[in-house]
């Protein structure tokens, strides 16, 4: 009886997931291929498909099936495939159905208007024009949190959309310790007054050579082009269009090496995660990524822990010199390595380096928590932003365009999303340190161009596990310890101490 | 009352059309972009969407709305937008609902198995292995015809899927007269023993230069790249992914000029039709193409009537010489013009020239009519094929691979499709002759690179009319005369008489 109910449930959910992959194709095509005039109609196509998917996700039969199954032996082991499927689908169904339709519609409308207002406000560096939208959005996000419920604080309910099961108090404590270690590290780097030769990264890097090298390196670390593509777009992303169809994107800047190269490594990291999910579990929670933070950990691991390491460039630098003889023939490996690891407090998050990046996130995380909890008024946000930049990074934006108006997230209703970037960095360092111990010295493998052991380890320990464990459980299961700021801080200290002659 | 029913109907049908455009995107992506391993999952995505579309097209509410509306004032004028909408949707709904589900499924299965068997049979040139499939397909097509009904002969019911409202007796008479004029024309060309310098078309034509020239010419004749794209595929097609999103495709052969160049002109012709449909009528019959034959007339008009004319090359040949200096610098315009108009009886339809092409179609049309009406047994088909090739083109295929097994159509259940290719040629010549009269000498405009008057005329007379008239009505409305073989025969005689020194 409950087996056939379970089959029915899985069939329904899998079919919904198939429609969701079509939604991904619409999105990928819009960003990479679609002719410009087709935008309005594309919105209509996407809205219609989203409506269909929403209908299927809130189908009352789902609720009935899940109630029946929650009490069945199939749900007994919460980490088994069936237990995970039932637990996670029930969680999602309840969240979805607890949100009143009127609130969903108001949130959607507020996000559309908010993004429009944000674009104009950013262009004009006019925070006041955006403030009423931001107030409305935070009010609606508080309503959303109350509607779906939470354990400790309203923020938990929002965080749960991106990092299921996490608590503000828990990540706040870890991120706070990270901040307390990073602020003095960055200050010491600034005080060292060493300045790597970053101008070499701004020489001429022909686009075709960038693409060839990027594809080659992505394939070397394990992105499978038989089951994926690499295309060009304005704001790079990675999109799963099916279990055998993962598409990454990048943009090329002929006068800046880092943009496409590390962008491709980053997206390939996301792609390798998607390609490592269990195909036979496609569309069901055991075949889906755990959380935004864990997804980000896979991109950051390849981009930073691997891709910005000296071992990595010991292997690839001769190939890079061949690809860009004009730019790099006269540049020694050590200078190149120092340049791609330049640390420099800056105003714009998306351009930040490995060390300062998390401080940008901390500013946003702390402010959005305060806004949500009414400890900070929207009108006071630009001032609070400047204060935090001064205190964490020692710099202050000259205007709001380069300050509080730089990110799209809040304007589109994404509250609780920012911390997943730093969680990704934390998870990445903790996973990498564990893999390094278990695989017996990753640097030696990497400098020989051997990426398969690391990729297989990630696949077995993380990718193939899907949602059978929460992010926090997974970290503890894989590394034997709860999430900590220490692996990331150790990694950054070990890397930057020699580069900047720190004590 | 009936106005709100009409609005409901239009909304439902338009939404179905939006889903159909998503289906087109899946297809385009599969042919142009999809990574190879994603094929199996793509079939699942397409099947799920097709199921959804079929459900919507056979929704019983449609039948109720249409019955109510058929008697309403909105249906009074059969050529008005509302009258056309009601008439055409009723026709389609009745056709769809008359087909038993079991027959639809059997046809789908027979087509899948038929195509597989055909591929193997063509590879091995083994007609006997394919024959049982072909017998089954023609049996099922007869059942289909009986289920949906017809006016005179079973073939009418099948033809109606591609050329709505046409009759076998009518097109058979026109095509017969065309055949009787073409056979002696082709024979006279062969007897002339003149042989244009076709080897110049097989020189080296670099791919990038082909693409640049192809895009340029497509844009010149009016294909709007703000609302469309050109991509590469193995078997070129044109696909409408929305009212502002028409995508054409081609393939490049560096050692053959014609393949991509005339292919792009052909697909751009289809694309210009799609781009000329009335956007505000998107998804409804007044905003959709009349028939396969009329669609083909638009591609053939630009490819052959315009693109293979001397006037066209008087304008574009200097640009082609600039694009391919190595291949064409020493070739005079007249030699090039003669080469691209080489007439030569050959075995393969898709490689045939403007004069012999229709004889290939006549062979297929006459044979499929005979097969459907049981006047010819499948076992006797290869022999009948050879006899007709001998009598119409004076050549006989050495094996079935180059004979009866060359086309995919029948194996996939497409019976009644072939004549639309020749109808396209007939319509094209008749429209072109009329435009020439009304616009006062097209050749003079074309040799000055002026394509806008012709394109506007086509848009107003044909594209924007949608399905408000049947193909036969449209021809008579636009040209003042019923469909005739004469304009095409006159065009071919006028072109080839000087080229081949005919009397």
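Remark: the Cα gyration tensor places segment B:228-279 in the prolate category, a/c being 1.5 or greater and a/b exceeding b/c. Label segment A:207-252 by shape, choosing from rounded, prolate and oblate, from the square roots a ≥ b ≥ c of the eigenvalues of the Cα gyration tensor; if a/c is under 1.5 it is rounded, and otherwise prolate applies when a/b is larger than b/c, oblate when it is not. The shape class here is oblate. Across the identical copies, the label point of residue A:464 (7 Å from Cα in the Cβ direction) is separated from its matches by 6.3 nm, in order from shortest. Rounded to the nearest 10 degrees, the inclination of helix B:357-372 to the longest alpha-carbon principal axis of chain B is 30 degrees.
Applying 1/(1 + (r/R0)^6) with r as the Cβ-Cβ distance of residue A:8 and residue A:125 and R0 = 60 angstrom yields a FRET efficiency of 0.65. Spatially, segment B:172-195 and segment B:106-150 are offset by 32 Å when compared through their Cα centroids. Counts of other chain beta carbons within 10 angstrom of each beta carbon in peptide B:240-247 average 6.
In chain A, the longest principal axis of the Cα atoms and the axis of helix A:60-70 are about 80 degrees apart.
Taking 1.306 mPa s as the viscosity and 10 °C as the temperature, the Stokes-Einstein diffusion coefficient of the protein assembly as shown based on its alpha-carbon Kirkwood radius rounds to 49 µm²/s.
Against chain B, whose longest principal axis comes from its Cα atoms, helix B:81-98 is set at around 80 degrees. For chain A, the relative contact order is 20 percent, taking Cα pairs closer than 8 Å that sit 6 or more residues apart in sequence and dividing their mean separation by the residue count.
In nanometers and ordered shortest first, the copy-to-copy spacing of the residue A:152 label point, defined 7 Å from Cα toward Cβ, is 8.4.
With label points defined 7 Å past Cα in the direction of Cβ, position residue B:96 shows copy-to-copy spacings of 2.6 nm, given to one decimal and shortest first. Estimated purely from DSSP H runs of n ≥ 4, each contributing -39500 (n - 2.57), the mean residue ellipticity at 222 nm for chain A is -20500 deg cm²/dmol once divided by its residues. Considering segment B:363-503, its Cα convex hull presents a mean projected area of 11.9 nm². Extension gain, residue A:280 to residue A:330: 0.36 nm times the residue separation minus the Cα-Cα distance gives 13.0 nm.
Compactness ratio for chain B: Cα radius of gyration over 2.2 N^0.38 Å (N = residue count) comes to 0.98. Of all beta bridges that DSSP places with both ends in chain B, some 40 percent have antiparallel geometry. Contact order, relative form, for segment A:229-381: 13 percent (alpha carbon pairs under 8 Å, 6 or more residues apart, mean separation divided by residue count).
Per residue, the average separation of C-alpha pairs within less than 8 Å and at least 6 apart gives segment B:2-98 a relative contact order of 31 percent.
Averaged over the residues of peptide A:29-41, the number of Cβ atoms from other protein chains lying within 10 Å of each residue's Cβ is 6. Ordered by the count of other Cβ atoms within 10 Å of each Cβ, fewest first, B:65, B:410, B:302 give B:65, B:410, B:302. Binning the alpha carbon pair distances of segment B:21-162 at 10 angstrom intervals from zero yields the distribution 10, 25, 34, 22, 8, 1, expressed in whole percent. Subtracting the Cα-Cα distance of residue A:437 and residue A:192 from 0.36 nm times their residue separation leaves 85.0 nm of extension gain. Counts of other chain beta carbons within 10 angstrom of each beta carbon in peptide B:11-17 average 1.
Sorting the segments B:237-249, A:379-391 by their mean number of nearby beta carbons within 10 angstrom, highest to lowest, gives B:237-249, A:379-391. Which of rounded, prolate, oblate describes segment B:149-230, given a ≥ b ≥ c as roots of the alpha-carbon gyration tensor eigenvalues and a/c under 1.5 marking rounded, otherwise prolate only if a/b is larger than b/c? Judged from the Cα gyration tensor, segment B:149-230 comes out oblate (a/c at least 1.5, b/c at or above a/b). Each peptide among B:397-403, A:280-286, A:100-106 gets the average number of other Cβ atoms lying within 10 Å of its residues, and from highest to lowest they stand as A:280-286, B:397-403, A:100-106. Most tightly packed first, judged by the mean number of other beta-carbon atoms within 10 Å of their residues, the peptides A:329-335, A:460-466, A:109-115 read A:460-466, A:109-115, A:329-335. For segment A:1-98, the convex hull spanned by the alpha carbon atoms encloses 101 Å³ per residue.
Multiplying the residue separation of residue A:152 and residue A:64 by 0.36 nm and subtracting their alpha-carbon distance yields 28.8 nm.
None of the figures in this text is laboratory data; all of them are computed from the coordinates on show. Everything numeric in this text was worked out from a predicted model, so none of it was measured. Because the Cβ atoms are built from the backbone with ideal geometry, glycine has one as well, and the counts that use them run over all protein chains shown.
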